[in-house]
Every structure is written in structure tokens, then in C-alpha cells.
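The values are calculated or read from the model by the stated rules, or taken from the named source; none is laboratory data. Predicted, not measured: the structure shown is a model, and the values here were computed from it. FYI the Cβ positions are ideal-geometry reconstructions off the backbone, even for glycines, and counts take in every protein chain you see. Quick note on the areas: whole protein, heavy atoms, side chains included, nothing else; ligands and nucleic acids left out. Shrake-Rupley method; radii C 1.70, N 1.55, O 1.52, S 1.80 Å.
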Amino acid sequence: DRQRASSLQFDHITAVRERMQAADATPAERWAPLAHDLDPRLTKETDWPATPAMLQDVHDAGHDLPTLTRQLIDQEPLGEAPARDLRYLLVGYLPEDNPHVSRASEPDRPLGTRATELERQYRAARPDTSAATPRR
């Protein structure tokens, strides 16, 4: 059946085109639809640009990002700072030796319960450099 065979070929072309468009997209463009599905506030946060980079790193590490993020948010809903809370949920899930994820700190933003716990653990493990810095 020629019509059926050509229809299947067109279906494959559409899938290839979608993969190529996704490969050309920036992380912010690629993960914005997922972020909007998870929590519409995510893309409106001032620290949103850090979040898609981390989402891309987690995806590149081989994780099923849509499933993982939905499971994490079901366990611990996002709080007042959803972009930061999502990053901390991901950091809490991934092994500590994961080279793909940075553990940057933003002390002026409120955190959800799990994120606050992770921030305390991070600060406790970090060496204190305040004594080594001379004051003027």
C-alpha cells in the first residue's frame, strides 16, 4: 500500500524535525513548557535563567526530567521561590558527586522546607573562609 508507506515516512519526518528543533533550542526555550506545566510561576521568577541550565544538566546526565520533576514536586510542593526550590529539589535527589549540577547559594531568597534543609547541609559542609579574609 503506497499511501500507507508514504504516510509512515511523513510521520518519521515530523519526528525528526521536532528532534532537530529541540536540539537547536536554548535550555530556557526547551524547558519553558515543562516549567509552565509544573508551576506557572517558574518562568516569571528573577532567578529563572539558572533553572533551565540545571534542568538541561540533569537531562544530559540521563534522567527522565519530566517524570523526575513531577515526582519531586508531588513529594514536596514548591514554595515562595519556586525556581530556587526546584533547583534544590533536584540537587537533593541527585548524588553529591554529580558533576553536572552546581550547588550555588542565594541566601537572600526564602526556601521551602526541603530546600532550607539542603541549604543548611551545604553551608555546614562548606569550609569557613571568613577568618582567612582580612578586614579593612
**Prompt:** Which one is farthest from residue 26 (Cα to Cα), of the residues in segment 62-89 that are assigned to a loop (DSSP other than H, G, I, E, B) and open to solvent by less than 40 Å² (accessible area, probe 1.4 Å)?
**Reply:** 79
**Prompt:** How many residues are surrounded by 11 or more Cβ atoms within 10 Å (Cβ to Cβ) and assigned to a loop (DSSP other than H, G, I, E, B) if we restrict to segment 1-34?
**Reply:** 2
**Asked** For segment 35-52, which residues satisfy the criterion of being in a helix (DSSP H, G or I), surrounded by 13 or more Cβ atoms within 10 Å (Cβ to Cβ) and of a type outside the set (Val, Ile, Thr)?
**Response** 35, 36, 38, 42, 50, 52
**Complete:** (1) in a helix (DSSP H, G or I); (2) open to solvent by 30 Å² or more (accessible area, probe 1.4 Å); (3) without any contact (Cβ under 8 Å) to a residue 40 or more places away in the chain all hold for residue 57 apart from (3)
